[in-house]
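Shown next, in structure tokens, is the structure this report addresses.
The values are calculated or read from the model by the stated rules, or taken from the named source; none is laboratory data. Just so we're clear, the structure is a prediction, and the values are computed from it rather than from any experiment. Heads up, the Cβs are rebuilt from the backbone with ideal geometry, glycines too, and the neighbour counts pull from every protein chain shown.
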Amino acid sequence: MKKTGRLALALGALLLVGLFAPAWSRAAGLSAEDAKLLKAGKKLFTAHCGACHETGGNNDIRKRTEKIATVGLEAYITGQGRIFEHMPLFEGTAKDRRAIALYVTVDLNHRAPDDHWAVEVKPLPLTIPAFDPKTGQYVLLTWNTLGMKCITDCDSSFSFLPPGNAMGAVLIKRGPKPQLVSTGVEMAYSAPEDARNPSAHVEFWKYAPSILGKELPLNVTAAGKGPEGVMAYNEKSRIFEVAGLPVTPYTDGGGINPYPLFTVTARDSATGKVLAQTQAVVPVGAEMGCRNCHGGPWRKNNSSGISEETARGILAAHDKRSGTTLLPQAQAGKPVLCQSCHPDPLLNAKGDPARLNLPAAMHGFHANYLSGRGEEVCSRCHPDNPRGVTRCLRDNHASKGIGCSKCHGMLEDHTIGLLKGELAQGKQRAGMFMRHLKTRLVASAEVIKGRTPWGQEPDCLTCHNGKARPNAAKVTAFNLWVEGGGQLYRNRKDDTGNVPCIACHGSPHATYPATNAYGKDRDNVQPLQYMGFAGPIGAKKHCEVCHTQAMGVEPHHKAMFGR
């Protein structure tokens with residue numbers, strides 16, 4: 001058939017769809033593919049769902065789904081019968097599932113098919129601190145240890161990610177043989193001017209007595225840290241550290257900034273003289289996508305936070321399925337920390353040792369509803385949506401198209417690893433969550449190694465082994481976990497045993513050169529300060545950042561010297 005003939009047929013088909021589809025579907029802006037699926041949706045709904053669900057009456061499908069977008073309804077259909085057996089497993093195809101979801105959301109509930117919102121992000125001002133390589137005696141390197149930290153931001157209902165972040169720093173005295181400075185120094189940190197009143201933007205401090213069991217001074221975390229303070233020197237790690245920084249993505253001026261720049265200043269503790277000063281992003285997001293499936297709006301700025309409507313719906317579902325009383329507790333002003341029941345290495349929370357740890361429970365349950373998708377499914381919950389307000393994947397890996405699965409696996413693989421870690425602890429509930437999950441990157445679940453969240457992460461040296469630049473299309477670090485906290489990227493040191501890898505290469509998910517939607521070089525302050533370009537500190541043989549004489553060897557990672 002000639003190209004013009006095929007085009008005429010396609011246009012004719014689209015016209016017919018437009019003529020015969022309900023008025024709402026035409027106004028909803030459906031794609032051609034979704035319009036075709038919608039046309040088949042009613043028949044498929046009748047075949048798969050009509051035996052139990054109706055429009056009107058006691059089991060009105062509209063009342064059960066009226067606040068759920070198409071992606072959420074697709075998730076419900078995917079997961080039916082997998083964990084709870086009051087409904088059978090869905091026997092249709094992915095297209096059947098989409099067609100039914102479109103029919104219910106568009107034709108029955110008169111909702112737009114999906115939430116195609118996109119947040120306009122404007123670059124923020126950035127001033128690079130001064131550094132004169134001829135006269136500067138010190139180099140100050142500082143970093144955020146997590147690369148991205150979320151807060152739950154629904155504290156009147158529950159919390160599992162309270163405000164709190166961490167930084168580390170090293171001060172290097174330049175010379176022929178640079179030295180780490182550990183004594184005679186005060187290492188101070190300070191939040192930017194518009195991020196010093198976090199308690200004005202979230203309700204965590206109001207509900208801290210219920211969530212944490214104690215009242216906290218405003219803008220001070222459970223670790224006793226405020227927006228300004230002094231880092232402590234850790235004799236074991238030989239790093240200046242501070243944990244428990246109170247940060248939110250909301251500015252005091254009413255805007256959103258997930259990437260506030262903290263200033264770190266090294267002073268002579270005897271004289272108060274400034275030895276060095278720099279800045280680093282302390283990231284924080286509240287773009288958690290619970291609303292995609294649980295309904296409700298965003299809590300704030302139409303882009304962030306879990307609204308009370310969404311959060312209370314989650315509690316109602318938890319109470320119904322688990323026999324808890326979380327909703328009436330929250331309504332009485334007594335919200336809980338999820339880790340009071342579920343152990344969590346991130347918060348060092350013991351919880352109830354018989355229960356699944358929080359990452360295993362969260363991923364284990366929801367993977368049954370979100371399986372069979374691509375990497376984009378991660379952004380249904382995490383703040384990595386490229387059109388969202390946070391856009392946390394901003395490092396040199398992301399810029400080369402390396403997505404989540406290269407390190408963490410697809411959702412099913414990632415989840416099986418977490419659940420197998422719990423099975424090894426004798427927690428049989430993990431097996432119930434695993435029974436319907438099929439691996440994506442490996443042959444079977446038997447191949448996947450169980451792991452402890454936050455303590456066993458992908459090993460950087462799997463791909464970066466010093467032999468050659470990794471082939472992004474072929475390499476993968478999934479299922480190759482580090483053993484022991486000292487081997488985590490955020491804790492690992494160079495071959496000399498002195499300089500942390502993170503100090504020169506940047507934070508996780510923001511490794512140099514990073515590209516930030518809030519300003520291309522917002523995460524690259526120190527490379528620009530000390531070298532004038534974005535890249536790992538010392539890149540392109542810029543040893544003079546710390547070394548005041550030419551270097552004959554490369555001591556920091558010898559196997560990669562000369563690359």
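Observations on the structure shown:
- The one condition from (1) at pLDDT 85 or above; (2) over 26 Å from E235 (Cα atoms); (3) of a type in the set (D, E, K, R) that D459 does not meet is (2).
Residues are listed down the side, and each one gets a yes or a no for (1) crowded, with 22+ Cβ neighbours inside 10 Å; (2) modelled with pLDDT of 95 or more; (3) not in a helix (DSSP H, G or I):
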{"residue": "T248", "(1), (2), (3)": "yes, yes, yes"}
{"residue": "G253", "(1), (2), (3)": "no, no, yes"}
{"residue": "R312", "(1), (2), (3)": "no, yes, no"}
{"residue": "A316", "(1), (2), (3)": "no, yes, no"}
{"residue": "P328", "(1), (2), (3)": "no, yes, no"}
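- Helices (runs of 4 or more DSSP H) fully within region 56-119 that include at least 1 residues being modelled with pLDDT under 95 and at negative phi: 61-65, 70-79.
- Filter pass, R321 being touching a residue at least 40 places away in the same chain (Cβ under 8 Å), in a helix (DSSP H, G or I) and either of a type in the set (D, E, K, R) or farther than 27 Å from L73 by Cβ (or both): yes
- Checking the stated criteria, K438 turns out to be part of a loop (DSSP other than H, G, I, E, B), at pLDDT 95 or above and out of contact with any Cys (no Cβ under 6 Å at 6 or more places or on another chain).
Yes or no, residue by residue, for (1) of a type in the set (G, A, S); (2) within 27 Å of G485 (Cα to Cα); (3) touching a Pro at 6+ places or on another chain (Cβ under 6 Å); (4) in a loop (DSSP other than H, G, I, E, B):
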| residue | (1), (2), (3), (4) |
| --- | --- |
| D155 | no, no, no, yes |
| K206 | no, no, no, no |
| P217 | no, no, no, yes |
| V220 | no, no, no, yes |
| G229 | yes, yes, no, no |
| A243 | yes, yes, no, no |
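- Qualifying residue in region 409-419 (condition: touching a residue at least 60 places away in the same chain (Cβ under 8 Å) and surrounded by fewer than 19 Cβ atoms within 10 Å (Cβ to Cβ)): no
- Pairs linking a residue in region 300-312 that is touching a residue at least 12 places away in the same chain (Cβ under 8 Å) to a residue that is among the β-branched types (V, I, T) and crowded, with 20+ Cβ neighbours inside 10 Å, with Cβ atoms under 7 Å and 6 or more positions apart or on different chains, are N301/I256; S303/I256; S303/V389; S304/I256; S304/V389; I306/T152.
- Count of region 26-55 residues which are part of a helix (DSSP H, G or I), modelled with pLDDT of 90 or more and not β-branched (V, I, T): 16
- Region 278-310, subset closer than 30 Å to I128 by Cβ and in a loop (DSSP other than H, G, I, E, B), residue modelled with the lowest pLDDT: N301
- Only residues that are modelled with pLDDT of 90 or more, in a loop (DSSP other than H, G, I, E, B) and not basic (K, R) were counted across region 464-493, and they come to 9.
- Checking each residue in region 189-204 for being among the aliphatic types (A, V, I, L, M), buried (at least 18 other Cβ atoms within 10 Å of the Cβ) and not in a loop (DSSP other than H, G, I, E, B) picks out only A195.
- For region 502-539, a tally of residues being in a helix (DSSP H, G or I) and modelled with pLDDT under 95 returns 1.
- Among the candidates T135, T65, the residue that is surrounded by fewer than 18 Cβ atoms within 10 Å (Cβ to Cβ) and among the hydroxyl-bearing types (S, T, Y) is uniquely T135.
- Residue within region 540-554 that is without any contact (Cβ under 8 Å) to a residue 24 or more places away in the chain, touching a strand residue (DSSP E or B) at 6+ places or on another chain (Cβ under 6 Å) and not small (G, A, S) present: no
- Applying the set (1) farther than 19 Å from M432 by Cβ; (2) under 20 Å from the mean Cα position of the chain (by Cα); (3) in a loop (DSSP other than H, G, I, E, B) to H342 leaves exactly one unmet item: (1).
Results for (1) free of Cβ contacts under 8 Å to residues at least 24 places away in the same chain; (2) within 30 Å of Y259 (Cα to Cα); (3) crowded, with 16+ Cβ neighbours inside 10 Å; (4) under 22 Å from the mean Cα position of the chain (by Cα), shown as yes or no for each residue.
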{"site": "A443", "(1), (2), (3), (4)": "yes, no, no, no"}
{"site": "D459", "(1), (2), (3), (4)": "no, yes, yes, yes"}
{"site": "P470", "(1), (2), (3), (4)": "yes, yes, yes, no"}
{"site": "V482", "(1), (2), (3), (4)": "no, yes, yes, yes"}
{"site": "G486", "(1), (2), (3), (4)": "yes, yes, no, no"}
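Residues checked against (1) touching a strand residue (DSSP E or B) at 6+ places or on another chain (Cβ under 6 Å); (2) assigned to a strand (DSSP E or B); (3) surrounded by 17 or more Cβ atoms within 10 Å (Cβ to Cβ):
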site	(1), (2), (3)
A130	no, no, no
G147	no, no, yes
G168	yes, yes, yes
L171	yes, yes, yes
E186	yes, yes, no
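- Restricted to region 488-519, and to residues there that are over 24 Å from P383 (Cα atoms) and of a type in the set (G, A, S), the residue that is surrounded by the most Cβ atoms within 10 Å (Cβ to Cβ) is A503.
- Test result for D523, surrounded by fewer than 20 Cβ atoms within 10 Å (Cβ to Cβ) and either free of Cβ contacts under 8 Å to residues at least 12 places away in the same chain or within 30 Å of P383 (Cβ to Cβ) (or both): no
- Residues of region 173-184 satisfying the condition of being surrounded by fewer than 16 Cβ atoms within 10 Å (Cβ to Cβ) and not in a loop (DSSP other than H, G, I, E, B): K173, G175, Q179, L180
- Selected residue [closer than 15 Å to S190 by Cα and among the hydrophobic types (A, V, I, L, M, F, W, C)] from A266, A286, A270: A266
- Options A330, A316, A361, A367; residue that is touching a strand residue (DSSP E or B) at 6+ places or on another chain (Cβ under 9 Å), on the phi < 0 side of the Ramachandran plot and small (G, A, S): A330
- Residue in region 85-128 that is surrounded by the most Cβ atoms within 10 Å (Cβ to Cβ), counting only those that are touching a helix residue (DSSP H, G or I) at 6+ places or on another chain (Cβ under 6 Å) and under 27 Å from G255 (Cβ atoms): D114
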